[in-house]
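Chemist: Here it is, the structure, as structure tokens.
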Amino acid sequence: MSEKPEIPEGYKKTELGIIPEEWEVENLTNLVKKIKSGGTPKSTIKKYYYGNIPFVKIEDITSTRKYLRNTKITISDEGLKNSSSWLVPEGSLLYSIYATVGEVVINKIPVATNQAIMGIIPNDKINRDYLYYFLQIFKNNLHIYFKETTQKNLTAKIVKNIEVSYPPLPEQEKIASILSKVDEQIKETERIIEKTELLKKGLMQKLFVYGTENKKLKEIDVKYSPKKWIIPENWTTKQLEEITYKITDGTHLTPKYTDKGIPFLRVKDIHSDSIDWSSVKYISKKEHNELIKRCNPKRGDILLSKNGTIGIPKIVDWDREFSIFVSLCLIKVKSKIININYLYYLLKSDMIFNQYLLRSKTGTVTNLHIEEIKNLTIIIPPLPEQEKIASILSKVDTQLQDNHNYLNKLEELKKGLMQDLLTGKVRVCV
């Protein structure tokens, strides 16, 4: 028989696990003044909408972090009166119970909600921000409460009976303060990333028009561009096939996947900055050897997504063998004409993306055919200037990556702090 876990001195065992002796465990119902879901006014009656009352739907909650300050839709006073919705006062908690369950935000404005969201007004026993963080971490336990219909939902009764562990108010406030400070750092880092992204976009627009030096400019007509391009006088343009020695796509037949073997990349695998080799599909060495007779990607090539999500470029910066599906295009460049990093950034630019859109065929899935990719118009500065442009944009990308890495560290720090502080495993001084 396994031994029962020893309860440390000053702690007690509860239905939520081992917590400090002076902490309490109560149903959420006993910790709120009001808890109620909303409702949706009839969409066919126009006068119920476009009023002055912000109306919260799930997407409003999932598109923000801790605080909700605006909504996409508003309703009128009549819409509120003629539905089961109610006005949730500023500073309450909004908690999702249908489809995307367990998401929680604090509303900074009075709002009404639809039936998929419960408004929660805490009472004096519980600090609002402490409860916000508790509900965040409690999301990990929600799977045992799901009411399964066509999707995973919670009921009002389940939410009201959620058991909450909490310390005395001063400790609640201290815990909430610590976690709020981490949230502020996360938000500030996200703001820096957003500003850097805008800087990069502005730099790309400037560099691909004016270059790195002031020069005389000229106008050129470009097929599949809604307006003339302006570029430096000493720059030229060529079709992509003129500056490459091979443009092809991967196999058109779905291969037989194996548990291990040679990685087989699809569009989803090149979305991130780096390939997650643990999540890719694999094919046999024998099938790979057949596929590379026509399409053999190597370090220094570019992959470009051409089906579904089009226009994502990826430089092959690894030596590992792999094959690709038809949804990816393989581009092998003439390095004496084009710098690979310059071409990578150009393929991400608005002027090329507009060509993708105008050249693609849209049905059930958007497709960018190989012939259209070959005929993309590419701006060609002198090689030294290509290298300068790529270097400038690469430095911005390095800064962005550093900021993303820092953001990931903050997210991990917050997870660890929530686990320690909200269970009483680590105590705070008050």
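Chemist: Taking +1 at the Cβ of each Lys and Arg and -1 at the Cβ of each Asp and Glu, which of Ser278, Val365, Pro168 sits farthest along the dipole of the chain towards its positive end, judged by Cα position relative to the Cα centre?
Modeler: The listed residue farthest towards the positive side: Val365.
Chemist: Check which residues have an amide H placed less than 5 Å from Asn296's amide H, if you skip close sequence neighbours.
Modeler: none
Chemist: Averaging sequence separations of C-alpha pairs under 8 Å and six or more residues apart, then dividing by the length of the stretch 212-380, give the relative contact order as a whole percent.
Modeler: 29
Chemist: What net charge is computed for the residues neighbouring Leu265, neighbours being all others with C-beta under 10 Å from the C-beta of Leu265, Lys and Arg scored +1, Asp and Glu -1?
Modeler: Combined, the nearby Lys, Arg, Asp and Glu give +3.
Chemist: FRET efficiency for Lys238 and Thr362, Cβ-Cβ distance as r, R0 = 25 Å, nearest 0.05?
Modeler: Between Lys238 and Thr362 the formula returns 0.40.
Chemist: Apply 1/(1 + (r/R0)^6) to the Cβ-Cβ distance of Tyr210 and Ser43, taking R0 = 60 Å, and write down the FRET efficiency to the nearest 0.05.
Modeler: So, using R0 = 60 Å, E works out to roughly 0.75.
Chemist: Further question: Under 5 Å between amide hydrogens, which residues at least 5 positions from Ile312 or on another chain qualify, with H placed 1.01 Å from N in the peptide plane?
Modeler: Those qualifying (amide H under 5 Å, at least 5 residues apart or on another chain) are Ser305.
Chemist: I would also like to ask the following. Residues with amide H under 5 Å of Val105's amide H, sequence separation 5 or more or different chain, H placed in the peptide plane at 1.01 Å from N; which?
Modeler: When sequence neighbours closer than 5 places are left aside, the close amide H contacts are Leu94.
Chemist: Any chance you could check the Cα centroid distance between the stretch 28-106 and the stretch 244-262 for me, in angstrom?
Modeler: Taking the Cα centre of each part, the stretch 28-106 and the stretch 244-262 sit 48 Å apart.
Chemist: Cα centroid distance between the stretch 8-24 and the stretch 138-217, in Å?
Modeler: Cα centroid to Cα centroid, the span is 31 Å.
Chemist: Quick one: if you stick a label point 7 Å off each Cα along the C-beta vector at Thr309 and Leu413, how many nm between them?
Modeler: In this crude label model, Thr309 to Leu413 measures out at 2.9 nm.
Chemist: Right, here's the next one. Quick one: Val56, Val326, fewest Cβ neighbours within 10 Å first, how do they rank?
Modeler: Ranking Val56, Val326 by Cβ neighbours within 10 Å, fewest first, gives Val326, Val56.
Chemist: So which chymotrypsin sites (Phe, Trp or Tyr not before Pro) in the stretch 172-281 end up in coil per DSSP with only 15 or fewer other C-beta atoms within 10 Å?
Modeler: Tyr224, Trp277
Chemist: Extension gain Ser284-Arg427, at 0.36 nm per residue separation less the Cα-Cα distance, in nm?
Modeler: Once the chain is fully extended between Ser284 and Arg427, it gains 46.1 nm.
Chemist: Under a crude label model (7 Å from the Cα following the beta-carbon direction), how far is Glu321 from Leu383 in nanometres?
Modeler: 3.2
Chemist: Let me ask another. Enumerate by residue number the trypsin sites (Lys or Arg not before Pro) in the stretch 324-372 meeting two conditions: DSSP loop (anything except H, G, I, E, B), and at most 12 other Cβ atoms within 10 Å of the site's Cβ.
Modeler: Counting only loop positions with at most 12 other Cβ atoms within 10 Å, the trypsin sites (Lys or Arg not before Pro) in the stretch 324-372 are Lys334, Lys336.
Chemist: Can you sort Ser394, Ser279, Ser165 by how many other beta carbons sit within 10 Å, fewest first?
Modeler: Exposure proxy ranking, most exposed first: Ser279, Ser394, Ser165.
Chemist: Just want the ordering: His288, His271, from fewest to most Cβ atoms lying within 10 Å of their own Cβ.
Modeler: If I rank by nearby Cβ atoms, fewest first, I get His271, His288.
Chemist: Quickly work out the Leu199-to-Glu9 label distance, labels modelled 7 Å from Cα along the C-beta direction, and quote it in nm with one decimal.
Modeler: Result for the modelled spin labels: 5.4 nm.
Chemist: Compute the length gained on full extension between Glu26 and Ser272: take 0.36 nm times their separation in residues and subtract their Cα-Cα distance, giving the result in nm to one decimal.
Modeler: Residue separation times 0.36 nm, minus the Cα-Cα distance, leaves 84.3 nm.
Chemist: Still on this model: To the nearest Å, what is the center-to-center distance of the stretch 361-430 and the stretch 276-291, using C-alpha atoms only?
Modeler: 26
Chemist: Here's another thing I want to ask about it. So I have [x] 1.27; [y] 0.95; [z] 1.02, and one of them is Cα Rg over 2.2 N^0.38 Å calculated from this model. Which one is it?
Modeler: Structure-derived value, by its label: [x].
Chemist: Quick one: Karplus J couplings for the stretch 113-121, per residue in order, coefficients 6.51, -1.76, 1.60, θ = phi - 60°, nearest Hz, x for Gly and Pro?
Modeler: Rounded to whole hertz, the list is 10, 7, 6, 7, 10, 9, x, 10, 10.
Chemist: Which value in deg cm²/dmol, rounded to the nearest 500, describes the helix-derived mean residue ellipticity at 222 nm for the chain, given -39,500 (n - 2.57) per DSSP H run of n ≥ 4 and division by the residue count?
Modeler: Roughly -10000 deg cm²/dmol at 222 nm, from the helical runs in the chain.
Chemist: Can you tell me the relative contact order of the chain? Whole percent, Cα pairs under 8 Å, sequence separation 6 or more.
Modeler: Contact order relative to length: 15 percent.
Chemist: Also, quick follow-up: Pairs Lys332/Lys361; Lys174/Lys414; Lys42/Lys160; Lys46/Lys72: which exceed 18 Å Cα-Cα?
Modeler: Lys332/Lys361; Lys42/Lys160
Chemist: So which trypsin sites (Lys or Arg not before Pro) in the stretch 210-297 end up in coil per DSSP with only 12 or fewer other C-beta atoms within 10 Å?
Modeler: Sparse-neighbourhood loop trypsin sites (Lys or Arg not before Pro): Lys216, Lys223, Lys227, Lys228, Lys256, Lys260, Lys293, Arg294.
Chemist: Pull out the extension gain between Leu253 and Glu90, defined as 0.36 nm times the separation in residues minus the alpha carbon to alpha carbon distance; nm, one decimal.
Modeler: Here the answer is 53.1 nm.
Every number in this text was worked out from the coordinates using simple rules, so none of it is lab data. Bear in mind the structure is a predicted one, so any value in this text is a computation, not a measurement. Using ideal geometry, Cβ is built from the backbone for each residue, glycine included, and neighbour counts are taken over all protein chains shown.
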